[in-house]
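**Student:** After the structure tokens below, expect a handful of questions from me.
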């Protein structure tokens with residue numbers, strides 16, 4: 001099993017889509033044979049170490065490099081004064097740069113941890129030692145540490161995000177039941193087990209980069225634009241990724257420095273960020289704050305929601321965490337008003353972390369719905385069913401599919417929700433207060449173009465190739481299953497090559513779109529190759545099946561005449577008879593014909609062609625319902641999760657085993673968000689205090705209870721070619737509010753800010 005070409009080990013003719021198969025790359029990973037980007041052996045590699053700012057705002061006055069430059073093994077020291085500017089690259093959305101130049105090292109400091117220098121040496125130890133010898137002098141300026149800093153103010157309004165539907169203010173004022181509450185989420189960080197880094201090597205004007213990437217084509221475009229070389233001159237290789245969660249989708253400043261150093265030295269350069277550096281080398285989820293006002297009838301029918309929210313962004317950039325993304329569409333709601341502000345603070349620019357927008361939006365809404373249920377004396381599940389939206393209340397379009405009612409029913413039945421007593425503190429086991437809570441979640445269907453090559457080889461094997469990446473979610477497996485289904489061959493006869501920008505194009509592996517798009521592209525290419533095979537078998541004079549029948553079926557890797565006119569012919573035998581070593585087909589999911597090369601380039605290297613969930617006649621989303629049991633020690637106020645049941649509608653599951661694993665992964669990340677995670681910011685230095693895995697807590701096996709997941713979905717022909725909807729980001733949405741609601745049910749304490757700690761329950 002080679003790193004770029006994992007060969008499936010398991011197989012029979014039933015290995016197509018829908019089969020519950022383990023990941024075909026799992027064997028290589030368990031045995032240590034999977035080659036990650038930084039594992040690649042490159043002869044003559046030098047090592048780079050990043051130096052970061054220790055102040056949150058101001059300027060670098062001087063950097064004394066003399067001692068570092070004279071240290072053993074040092075090859076190069078890069079500072080703002082010695083680093084030439086690069087060309088500015090277009091944005092990930094495809095917009096032209098606002099400035100002509102890009103400087104990966106600057107004198108202006110905007111946040112603590114900003115990279116200000118780099119040292120390159122023969123060994124990592126020499127580079128690390130020399131980096132500590134740099135002497136930096138600053139001119140310090142006042143900084144804004146976070147949204148609660150008095151200097152932060154109210155922030156800047158975002159008119160494009162404002163939503164006004166009906167008259168929410170009037171409806172709220174006249175509602176028999178009114179509820180107002182503020183909900184908060186802290187800064188959160190992706191923390192993949194594989195830290196960020198890369199190896200850069202130049203050969204003439206051609207750049208090869210081994211870097212973990214959720215979007216090889218998009219990152220290759222950025223490198224090409226930075227260095228002013230053709231896109232085809234950049235090759236980015238990323239066969240496996242040790243987690244990303246949104247953090248590995250873009251080329252970042254440390255990557256620019258490594259490539260720049262490699263060009264200056266004329267030899268490969270390897271740069272790996274330390275764990276503390278990963279807290280500031282790229283942005284995690286922005287801190288959010290939202291005030292929700294819910295107006296309802298005495299029976300709990302929603303009349304209005306007013307939402308006023310804000311999220312942090314950096315002082316020199318814009319990142320929006322859209323807090324209305326779930327609130328505006330989850331429930332049948334005639335009157336809705338939402339406004340959002342951006343609060344610039346001295347932090348690295350935040351970016352996407354699993355379900356950006358939907359995650360904090362659902363936390364506020366689903367906690368508020370639980371509060372409303374208690375205000376009107378209605379069971380929380382019954383309240384949600386009472387307000388079920390039969391069509392998208394925001395766009396007015398019908399749902400493509402929405403089996404949320406079925407998710408509520410299946411989850412409640414498996415959990416035993418009918419036995420729940422309404423009163424907080426009414427369930428006990430000795431000194432343990434038992435709480436049952438629930439919440440709903442949703443994630444939109446996003447669609448970008450994808451491209452795949454399928455080859456049928458003379459030895460009877462099938463090869464699938466695309467530049468899309470596999471972050472451990474199962475792309476190798478489901479794409480192999482897709483091809484296996486078309487040719488009716490065992491999975492062991494399908495080979496998949498991914499994670500190389502020299503392969504056919506693919507969009508960003510994010511937004512829960514990869515599975516639906518790339519299975520569609522592979523299916524389309526495989527069918528085209530199959531039809532060519534059948535055509536050759538029927539018409540080529542060298543074919544043993546020429547003139548035997550008018551049509552042929554493909555079964556178990558054989559070409560089969562429909563009425564037994566001739567024995568089944570193995571596909572490989574046909575190619576041998578034709579004197580060919582392969583049949584191949586390249587297909588994409590672009591709906592338009594006759595696109596210019598520039599249009600195709602932009603379609604795959606930016607998100608400019610990504611279609612929103614309401615593009616078309618339907619509103620397309622995945623749905624889930626979480627049911628949670630917690631136990632709170634009455635004396636210690638410690639919280640332990642006991643069980644979680646989640647029912648979900650993600651359309652057709654290409655591999656139920658892997659889809660369920662993805663949902664469980666999202667749930668576990670939601671456990672961390674609810675009970676453990678949160679960036680602690682020093683208000684004096686605007687510095688992340690817990691920038692390590694000893695203090696930034698993530699769930700361990702001991703924190704994760706029994707998790708049962710139930711699929712209630714049905715194929716959605718509007719969402720993707722083969723009927724699937726997004727899975728990867730769905731699982732986290734709604735987990736934190738379900739846990740918070742369960743904690744309230746156990747203790748009677750309503751906690752509206754994450755993470756929930758023992759101190760909150762005292």
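**Student:** Among the residues of the stretch 575-594, which ones are in contact (Cβ under 8 Å) with a residue 12 or more places away in the chain and either out of contact with any strand residue (DSSP E or B) (no Cβ under 6 Å at 6 or more places or on another chain) or not assigned by TED's automatic domain parsing to the domain that holds residue 462 (or both)?
**Tutor:** Answer for the stretch 575-594, where residues must be in contact (Cβ under 8 Å) with a residue 12 or more places away in the chain and either out of contact with any strand residue (DSSP E or B) (no Cβ under 6 Å at 6 or more places or on another chain) or not assigned by TED's automatic domain parsing to the domain that holds residue 462 (or both): 575, 576, 577, 578, 579, 580, 581, 587, 589, 590.
**Student:** Just give me the residues in the stretch 20-38 being modelled with pLDDT under 95 and either loosely packed, with under 14 Cβ neighbours inside 10 Å or assigned to a strand (DSSP E or B) (or both), in sequence order.
**Tutor:** Of everything in the stretch 20-38, those that are modelled with pLDDT under 95 and either loosely packed, with under 14 Cβ neighbours inside 10 Å or assigned to a strand (DSSP E or B) (or both) turn out to be 30, 31, 32, 33.
**Student:** Within the stretch 230-238, is there a residue that is in a loop (DSSP other than H, G, I, E, B) and within 17 Å of residue 35 (Cα to Cα)?
**Tutor:** Yes, there is a match, as at least one residue in the stretch 230-238 is in a loop (DSSP other than H, G, I, E, B) and within 17 Å of residue 35 (Cα to Cα).
**Student:** Return yes when residue 665 is crowded, with 22+ Cβ neighbours inside 10 Å, in contact with a helix residue (DSSP H, G or I) (Cβ under 8 Å, 6 or more places away or on another chain), part of a helix (DSSP H, G or I) and touching a residue at least 60 places away in the same chain (Cβ under 8 Å) and no when it is not.
**Tutor:** When the stated conditions are applied, residue 665 does not pass them.
**Student:** Another question about this same structure. Go through the stretch 437-470 and report how many residues are more than 29 Å from residue 244 (Cα to Cα) and either in the same structural domain as residue 570 (by TED's automatic domain parsing) or surrounded by fewer than 24 Cβ atoms within 10 Å (Cβ to Cβ) (or both).
**Tutor:** 8
**Student:** If residue 660 satisfies all but one of (1) surrounded by 15 or more Cβ atoms within 10 Å (Cβ to Cβ); (2) touching a helix residue (DSSP H, G or I) at 6+ places or on another chain (Cβ under 7 Å), what's the number of the condition it fails?
**Tutor:** So residue 660 meets the others, but not (2).
**Student:** While we're on this one: Among the residues of the stretch 55-96, which ones are within 30 Å of residue 609 (Cα to Cα) and in contact with a helix residue (DSSP H, G or I) (Cβ under 7 Å, 6 or more places away or on another chain)?
**Tutor:** Listed by number, the residues that qualify are 86, 87, 89, 90, 92, 94.
**Student:** Need at least 1 residues that are under 27 Å from the mean Cα position of the chain (by Cα) and closer than 25 Å to residue 465 by Cβ per element, so show me which strands (runs of 3 or more DSSP E) inside the stretch 526-615 make the cut, counting only ones lying wholly within it.
**Tutor:** By residue number, 582-588.
**Student:** Any idea how many residues of the stretch 157-169 are surrounded by fewer than 13 Cβ atoms within 10 Å (Cβ to Cβ) and in contact with a strand residue (DSSP E or B) (Cβ under 8 Å, 6 or more places away or on another chain)?
**Tutor:** Residues that pass the stated criteria total 2.
Listed here are the residues, each with its yes/no results for (1) assigned to a helix (DSSP H, G or I); (2) outside the structural domain of residue 417 (by TED's automatic domain parsing); (3) touching a helix residue (DSSP H, G or I) at 6+ places or on another chain (Cβ under 6 Å).
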{"residue": "707", "(1), (2), (3)": "no, no, yes"}
{"residue": "714", "(1), (2), (3)": "no, no, no"}
{"residue": "718", "(1), (2), (3)": "no, no, no"}
{"residue": "727", "(1), (2), (3)": "no, no, yes"}
{"residue": "731", "(1), (2), (3)": "yes, no, yes"}
{"residue": "739", "(1), (2), (3)": "yes, no, yes"}
{"residue": "744", "(1), (2), (3)": "yes, no, no"}
{"residue": "750", "(1), (2), (3)": "no, no, yes"}
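The values are calculated or read from the model by the stated rules, or taken from the named source; none is laboratory data. Worth saying up front: this structure is predicted, and the values here are computed from it rather than measured. Reconstructed Cβ throughout: ideal geometry from the backbone, glycine too, with neighbour counts over all protein chains shown.
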